[in-house]
Amino acid sequence: MAVSAPPAVPSGASVTLLEASGLDAWYGAAQILFDVSLDVRRGEVVALMGRNGAGKSTTLKTLMGLLARRKGSIRFLDHDVSRARPHDIARLGLGYVPEDRRVFGDLTVLENLEVGRQPPRAWADGTPAPLWTEQKLFALFPNLGEMPHRPGGRMSGGEQQMLTVARTLMGNPYLVLLDEPSEGVAPVIVEQMAHMILALKAEGVSILLSEQNMHFAELVSDRAYVLEKGQIRWSGTMEALAGADDVRRAYLSV
């Protein structure tokens, strides 16, 4: 299969893949986000931290074009996607893993993966971007490799979480929006998810994850933004956040 040729994908480390500025977003008449600005660079993991209801999931949905009422600027791979449709954003190489998983319950693991398949991609200098196959994903998620023909509806919550991530990776994204990966799954699955995120980073995939588990975020993240009531209250390195007791007490309750 020929490698697709996306326009002007940055090829060097530390370049910005995703940049949002001045984001406002609403559910109906209720405004949820207020002037949110953030960026994600190539090859890094960024945590969007905050309590339940802080606006983390809404931020990811806004970046993915899933909220009809939104304002502000969103640029991905130097494309203005502020008003783009979700499927067009996905085709550019932005992946999204929702908190509620949304696997196809009547389809097998392999069939769910096939639904997410997109062509291989390349960086602007011609070097291949991360390429995912069923075999490579089964090596990353051995649990899935043991049940390739099991319907999604007959899997545990943690297994469905893995399948949702794997299905997104079949689209060969440059950057993944990962919503609450440690929420509601067993500790052993949380450990596997941390391993998965570090493996993705090693492959060159960037990740913006929403999270409220400080320990999990520390294990995998380079930088963090802290949200409270739909506003960015703090940003910096993960190491700095770990040492900012006042910030964690005020906005994370840890």
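The values are calculated or read from the model by the stated rules, or taken from the named source; none is laboratory data. Owing to the predicted nature of the structure, the values given are computational and were not obtained by experimental measurement. Backbone-built Cβ (ideal geometry, glycine too); neighbour counts: all protein chains shown.
Annotation note: of L17, L48, the sole residue that is farther than 22 Å from L219 by Cα, assigned to a strand (DSSP E or B), under 14 Å from the mean Cα position of the chain (by Cα) and in contact (Cβ under 8 Å) with a residue 60 or more places away in the chain is L17. Only one of the numbered conditions (1) closer than 29 Å to T62 by Cβ; (2) of a type outside the set (A, V, I, L, M); (3) surrounded by fewer than 23 Cβ atoms within 10 Å (Cβ to Cβ) is not met by R154, and that is (1). From the list E218, E211, the one residue that fits, being within 14 Å of the chain's Cα centre (by Cα), of a type in the set (D, E) and at pLDDT below 95, is E211. Only a single criterion out of (1) more than 27 Å from L198 (Cβ to Cβ); (2) among the hydroxyl-bearing types (S, T, Y); (3) touching a Phe, Trp or Tyr at 6+ places or on another chain (Cβ under 9 Å) is not satisfied by S82, namely (3). Considering V40, V9, the condition of being modelled with pLDDT of 95 or more and either among the charged types (D, E, K, R) or buried (at least 17 other Cβ atoms within 10 Å of the Cβ) (or both) is satisfied by V40 alone.
Scanning the stretch 75-97 for residues that are in contact (Cβ under 8 Å) with a residue 60 or more places away in the chain and of a type in the set (A, V, I, L, M, F, W, C) turns up F76, L77, A90, L92, L94, V97. Among the helices (runs of 4 or more DSSP H) confined to the stretch 143-254, the ones with at least 1 residues that are charged (D, E, K, R) and either within 30 Å of R121 (Cα to Cα) or touching a residue at least 24 places away in the same chain (Cβ under 8 Å) (or both) are located at 157-169, 187-203, 214-220, 245-251. The set of residues in the stretch 81-127 being among the β-branched types (V, I, T), at pLDDT below 95 and either touching a strand residue (DSSP E or B) at 6+ places or on another chain (Cβ under 8 Å) or in a loop (DSSP other than H, G, I, E, B) (or both) consists of V97, V103, T127. Among the residues examined, V226 qualifies as within 28 Å of A25 (Cα to Cα) and either modelled with pLDDT under 90 or not polar (S, T, N, Q) (or both).
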